[in-house]
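Peer 1: Please find one structure pasted underneath; my questions will follow.
The values are calculated or read from the model by the stated rules, or taken from the named source; none is laboratory data. All values reported here derive from a predicted model rather than from experimental measurement. Please note: Cβ atoms are built from the backbone with ideal geometry, for glycine as well, and neighbour counts cover all protein chains shown. Remember, those area values only see protein heavy atoms, side chains included, never the ligands or the DNA or RNA. Shrake-Rupley method; radii C 1.70, N 1.55, O 1.52, S 1.80 Å.
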Amino acid sequence: MLRREFGKICFGTLGSAVLSGETIAADSPAHACREFPDVHGVTDYVAKFVVETGYDAIPHEVVELGKKSILDGFGLALAGSRAETGPLCLKYLDTIGALQGGAIIIGTSHRTAPQFAALVNGISIHADDFDDTQLAVAKDRVYGLLVHPTVPVLPAVLALGQQLKISGKDLLLAYHLGVEVECKIAEAIAPRHYEDGFHSTGTCGPFGSAAACSKLLRFDVPKTLHAFGIAASQSAGLRENFGTMTKPFQAGHAAESGLRSAYLADIGWTAAQQILEAQRGFFHAAGGSFDPGAILGKLGSPWCFATPGISLKPYPSGSLSHPAMSEMMRLIELHDIRPAQVKQVDVGANHAMTQALLHHQPKTGLEAKFSMEFCMASLLLYRKAGLAQFTNEVVQRADVKEMIGKVKYHVDPEAEAAGFDKMTSIIKITLRNGKVISGRAIFGKGSPADPMTFDEAAVKFRGCAEYAEWPKGKTDALIESVAALETAADITRLAPLLSSEPA
């Protein structure tokens, strides 16, 4: 069991224990006793990490990895502002009288209050499901299905940062702290959380946003604990909404919730101090249990950007489709496969992947993002699957529907045996002349196993900017600004580059 002894938190083998009067469950079969002087629980440990960590504690390589995701996030916000949700967000803000304030709405000429900017910019970043993903490597986790790390944190940091006129180093520090906190919380909560239907970007993301905003507001530990407690009560998101506008809303809501929580804590709002580990707290209410060993002593050791890494998406679809898409594109080019040659396509995966990519006969562009059948069909028909392909119009085309009918997406025993910690995808293409072309992949381009360089991330950024019809001068300046972000004295200089206000 876990017990508190003179500044020690000890984990035994019984799976349940008492900490400061609260019973918690520990999934891990055995935990070594670890010493954490002056730590009064998991939430306290997280808060102290946020308060005590400075910019110099972040390794240079981690800072550089983060820049790729930040640039990626900005590009996706520009592209996402052109999604169906973009005008609807502006209409919503106009309805509630919120189209005024000091924080930019990316891709537009409008400004609003920081918390609403965090909401709308978060929705835009996630609108096309093209944003980065946290990689899970534990055997009991579905690989890649923890959180989208940038979307709950970057919009909140950018919005609050404009108000506070922070430096580039301040932004980078707050961003990395927020990402680290949300990712380790997602690692720690029991797998049941995601399996039962929670959207972990929406549920764990508010803690990342709250951590980042608490750092920018220079909170002490008690205020940071209050911010976490308030954020926990706004934790929300359900996987049933995948393939609808409400999936990106859940991500934007996470960004907004963390910022709102920090604002409330700053004026004296109170909340529970052990909101993560308490019997009626987040881990138990939302997951049934958690693994303390996945978070205690693990924040910044190693940083999640370093190990196991963060993946940048090569396609605007669910991350579990990317290994198969990368392999399918390789096979198409290698064998010069033409649509008329294709008789049938079999794609095998583990059952968790088939459940996540749940739209087998998609009717909309949003549903197509979670359809392996559409992803394969788009590549076979057009040799591409970009923002222009994941639209209602393309999904409804007769040739697309016909090709989707040729794709069989199923649970493959070999992929199932490989484990959920891998995205094993096994492809068999049967041509009309009887020839069979086979391939398999575990990772897609952009994963730590095959990472994008900063220059490759910049190519993706340029594609998103072009989709948004963004001026080339601003596009170039944004790439240069993010590459040298740590040298910026005031991040408000990014605002005219990200908005249609004059630069």
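Peer 1: Which of the residues spanning the range 261-282 are under 20 Å from LEU216 (Cβ atoms) and surrounded by 24 or more Cβ atoms within 10 Å (Cβ to Cβ)? Before you say what the answer is, go through the steps one by one.
Peer 2: Filtering the range 261-282 down to residues under 20 Å from LEU216 (Cβ atoms) leaves 261-269, 271.
Matches in the range 261-282: SER261, ALA262, ALA265.
Peer 1: Name the single residue that is nearest to TYR55 (Cα to Cα) among those in the range 158-180 being open to solvent by 20 Å² or more (accessible area, probe 1.4 Å) and outside any helix (DSSP H, G or I).
Peer 2: Of everything passing the filter in the range 158-180, SER167 is nearest to TYR55 (Cα to Cα).
Peer 1: Now a separate question. For LYS343, state whether it is basic (Lys, Arg), surrounded by fewer than 16 Cβ atoms within 10 Å (Cβ to Cβ), free of Cβ contacts under 8 Å to residues at least 60 places away in the same chain and not in a helix (DSSP H, G or I).
Peer 2: Values: basic (Lys, Arg): yes; surrounded by fewer than 16 Cβ atoms within 10 Å (Cβ to Cβ): yes; free of Cβ contacts under 8 Å to residues at least 60 places away in the same chain: no; not in a helix (DSSP H, G or I): yes.
So LYS343 fails the test.
Peer 1: May I pose another question? Can you give me the number of residues within the range 67-110 that are in contact (Cβ under 8 Å) with a residue 40 or more places away in the chain, among the charged types (D, E, K, R) and not in a loop (DSSP other than H, G, I, E, B)?
Peer 2: Residues meeting the conditions: 3.
Peer 1: Name every residue in the range 382-412 that is more than 17 Å from TYR467 (Cα to Cα) and among the small types (Gly, Ala, Ser), in order of residue number.
Peer 2: First, the residues of the range 382-412 that are more than 17 Å from TYR467 (Cα to Cα): 382-383, 395-412.
Passing the criteria: ALA398, GLY405.
Peer 1: So, in the range 112-128, how many residues would count as being free of Cβ contacts under 8 Å to residues at least 60 places away in the same chain and either surrounded by fewer than 24 Cβ atoms within 10 Å (Cβ to Cβ) or more than 15 Å from PRO87 (Cβ to Cβ) (or both)?
Peer 2: 2
Peer 1: Sticking with this one: Output the number of the condition that GLN355 fails; it satisfies all remaining conditions of (1) open to solvent by less than 10 Å² (accessible area, probe 1.4 Å); (2) outside any loop (DSSP other than H, G, I, E, B); (3) polar (S, T, N, Q).
Peer 2: Every listed condition holds for GLN355 apart from (1).
Peer 1: Is it the case, given these coordinates, that CYS183 is open to solvent by less than 10 Å² (accessible area, probe 1.4 Å), under 21 Å from PRO451 (Cβ atoms) and assigned to a helix (DSSP H, G or I)? Working first, answer last.
Peer 2: Numbers: open to solvent by less than 10 Å² (accessible area, probe 1.4 Å): yes; under 21 Å from PRO451 (Cβ atoms): yes; assigned to a helix (DSSP H, G or I): yes.
Against the criterion (open to solvent by less than 10 Å² (accessible area, probe 1.4 Å), under 21 Å from PRO451 (Cβ atoms) and assigned to a helix (DSSP H, G or I)), CYS183 qualifies.
Peer 1: Next question, about the same structure. In this structure, does LYS298 turn out to be buried (at least 24 other Cβ atoms within 10 Å of the Cβ), under 20 Å from the mean Cα position of the chain (by Cα), of a type outside the set (Gly, Ala, Ser) and not in a helix (DSSP H, G or I)?
Peer 2: Numbers: buried (at least 24 other Cβ atoms within 10 Å of the Cβ): no; under 20 Å from the mean Cα position of the chain (by Cα): yes; of a type outside the set (Gly, Ala, Ser): yes; not in a helix (DSSP H, G or I): yes.
No.
Peer 1: Which count do you get for residues in the range 369-413 that are buried (at least 21 other Cβ atoms within 10 Å of the Cβ), without any contact (Cβ under 8 Å) to a residue 60 or more places away in the chain, out of contact with any strand residue (DSSP E or B) (no Cβ under 9 Å at 6 or more places or on another chain) and of a type in the set (A, V, I, L, M, F, W, C)?
Peer 2: Residues meeting the conditions: 4.
Peer 1: Still on this structure, please answer the following. Being at pLDDT below 95 and part of a loop (DSSP other than H, G, I, E, B) is the requirement here; does GLY386 meet it?
Peer 2: Details: at pLDDT below 95: yes; part of a loop (DSSP other than H, G, I, E, B): yes.
Criteria met by GLY386.
Peer 1: Moving on to the next point. Just the residues that are closer than 23 Å to GLU52 by Cβ and either without any contact (Cβ under 8 Å) to a residue 40 or more places away in the chain or of a type in the set (Lys, Arg) (or both), please, taken from the range 192-221.
Peer 2: LYS215, ARG218, listed by residue number.
Peer 1: Still on this model: Being at pLDDT below 95 and in contact with a helix residue (DSSP H, G or I) (Cβ under 8 Å, 6 or more places away or on another chain) is true for just one of GLY144, GLY258. Which residue is that?
Peer 2: Details: GLY258 fails: at pLDDT below 95.
Matching residue, one of GLY144, GLY258: GLY144.
Peer 1: Can you go through GLY473, GLY446 and tell me which one is touching a His at 6+ places or on another chain (Cβ under 8 Å) and of a type outside the set (Lys, Arg)? I'd like the intermediate steps shown before the answer.
Peer 2: On the way: GLY473 fails: touching a His at 6+ places or on another chain (Cβ under 8 Å).
The conditions single out GLY446.
Peer 1: Which of the residues that make up the range 293-309 are modelled with pLDDT of 95 or more and either more than 16 Å from VAL50 (Cβ to Cβ) or among the acidic types (Asp, Glu) (or both)?
Peer 2: Selection gives PRO302, PHE305, ALA306.
Peer 1: When the residues of the range 414-449 are filtered to those that are within 30 Å of GLU61 (Cα to Cα) and of a type in the set (Ser, Thr, Tyr), which remaining residue is surrounded by the most Cβ atoms within 10 Å (Cβ to Cβ)?
Peer 2: By that ranking, first place goes to SER447.
Peer 1: Going through the range 411-450 one residue at a time, which ones are assigned to a loop (DSSP other than H, G, I, E, B), modelled with pLDDT of 95 or more and either among the small types (Gly, Ala, Ser) or in contact with a Ser or Thr (Cβ under 9 Å, 6 or more places away or on another chain) (or both)?
Peer 2: Within the range 411-450, the first condition is being assigned to a loop (DSSP other than H, G, I, E, B), and the residues that meet it are 412, 419-424, 432-435, 442-450.
Then drop every residue that is not modelled with pLDDT of 95 or more, which leaves 412, 432-435.
Hits for the range 411-450 are ASP412, GLY434.
Peer 1: In the range 78-136, how many residues are at pLDDT below 95 and hydroxyl-bearing (Ser, Thr, Tyr)?
Peer 2: Total satisfying the criteria: 1.
Peer 1: Restricting attention to the range 60-88, which residues are over 18 Å from ALA465 (Cα atoms), over 15 Å from the mean Cα position of the chain (by Cα) and either open to solvent by less than 10 Å² (accessible area, probe 1.4 Å) or among the small types (Gly, Ala, Ser) (or both)?
Peer 2: VAL62, VAL63
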